[in-house]
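Q: Dumping the structure here so I can ask a few things about it.
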Amino acid sequence: MHPLRAYLHRFVPELTDADWQPLAQALRVHHLARGEHFLQAGEHQPMLALLLRGTCRLYYPRPNGEERTTYFFFENHLLGDYAGCLTGQPSQLSIQALVDTELVVFDYAVLRQLYDERPVYERFGRLLAEYHLLGTDARLVEHLLLSPEERYRALLVSGKTKILERIPQHLVANYLGITAVSMSRIRARVARGH
């Protein structure tokens with residue numbers, strides 16, 4: 001089964017061959033070298049992609065040059081600027097490959113057309129939006145209610161082991177909203193059992 005079809009199947013197992021075919025015809029493979037961007041803030045790129053191989057990060061560049069990492073994508077994650085696809089506005093976020101990465105890409109317009117033509121895609125879109133809303137809400141609550149050490153401890157028990165195993169420590173710190181030095185101190189305290 002094609003990886004994107006398997007991804008869709010997680011949300012809509014009733015997807016038929018006839019439903020799959022119009023999207024399958026719109027797919028193209030895209031490669032990113034380490035450090036290359038799929039999307040940069042200020043661009044309008046109404047495309048979505050399934051990450052087949054590699055790792056990407058989603059971050060927001062700030063006017064002062066700082067970057068705020070909010071998400072990491074691994075194999076079988078759907079990525080893109082969903083808000084930009086919906087509004088037609090330039091992106092506020094950037095998505096960058098952390099290692100050589102392979103994606104399968106399709107235009108959001110194809111998915112939007114399929115929403116109208118095939119009810120299974122409209123259901124997929126709703127379930128995907130709910131899934132992302134829950135994830136975004138959890139991240140927001142985490143940053144509003146937990147201390148930096150509590151956020152680190154929550155990451156340790158979250159099951160998001162790929163972040164700890166595959167992401168450089170300075171980017172994990174950025175994701176947690178702390179400096180690399182603070183994270184080093186927190187890691188030492190947690191390791192000592194305090």
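Q: Go through the residues of the stretch 64-76 one by one and say whether even a single one is buried (at least 20 other Cβ atoms within 10 Å of the Cβ) and without any contact (Cβ under 8 Å) to a residue 60 or more places away in the chain.
A: Scanning the stretch 64-76 turns up at least one residue that is buried (at least 20 other Cβ atoms within 10 Å of the Cβ) and without any contact (Cβ under 8 Å) to a residue 60 or more places away in the chain.
Q: Could you please find all residues in the stretch 1-39 being part of a loop (DSSP other than H, G, I, E, B), more than 23 Å from Arg57 (Cβ to Cβ) and in contact (Cβ under 8 Å) with a residue 12 or more places away in the chain?
A: Of the stretch 1-39, the ones part of a loop (DSSP other than H, G, I, E, B) are 1-2, 12-16, 25-27, 33-36.
Still in the list and also more than 23 Å from Arg57 (Cβ to Cβ): 1-2, 12-16, 25-27.
Correct list: His2, Val12, Glu14, Leu15, Thr16, Ala26, Leu27.
Q: When you check Tyr131 against the structure, is it touching a residue at least 40 places away in the same chain (Cβ under 8 Å) and out of contact with any helix residue (DSSP H, G or I) (no Cβ under 6 Å at 6 or more places or on another chain), yes or no? Give the steps one after another, and end with the answer.
A: Details: touching a residue at least 40 places away in the same chain (Cβ under 8 Å): yes; out of contact with any helix residue (DSSP H, G or I) (no Cβ under 6 Å at 6 or more places or on another chain): yes.
Judged against the criteria, Tyr131 is a match.
Q: Still on this model: Six or more apart or on different chains, Cβ atoms under 6 Å: show the pairs whose first residue is in the stretch 175-189 and without any contact (Cβ under 8 Å) to a residue 40 or more places away in the chain and over 21 Å from Leu140 (Cβ atoms) and whose second is in a helix (DSSP H, G or I) and open to solvent by 50 Å² or more (accessible area, probe 1.4 Å).
A: Matching pairs, first to second residue: Ala180/His170.
Yes/no matrix, rows are residues, columns are (1) assigned to a helix (DSSP H, G or I); (2) touching a Cys at 6+ places or on another chain (Cβ under 8 Å); (3) modelled with pLDDT under 90; (4) among the hydroxyl-bearing types (Ser, Thr, Tyr):
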{"residue": "Gln96", "(1), (2), (3), (4)": "no, yes, no, no"}
{"residue": "Leu103", "(1), (2), (3), (4)": "no, no, no, no"}
{"residue": "Phe106", "(1), (2), (3), (4)": "no, no, no, no"}
{"residue": "Leu111", "(1), (2), (3), (4)": "yes, no, no, no"}
{"residue": "Arg126", "(1), (2), (3), (4)": "yes, no, no, no"}
{"residue": "Tyr131", "(1), (2), (3), (4)": "yes, no, no, yes"}
{"residue": "Thr136", "(1), (2), (3), (4)": "yes, no, no, yes"}
{"residue": "Glu142", "(1), (2), (3), (4)": "yes, no, no, no"}
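The values are calculated or read from the model by the stated rules, or taken from the named source; none is laboratory data. Remember, it's a predicted structure, so these values are computed and weren't measured experimentally. Every residue, glycine as well, gets a Cβ built from its backbone with ideal geometry; the counts of neighbours run over all protein chains shown. Surface accessibility is based on the protein's heavy atoms, side chains included, excluding ligands, DNA and RNA. Shrake-Rupley method; radii C 1.70, N 1.55, O 1.52, S 1.80 Å.
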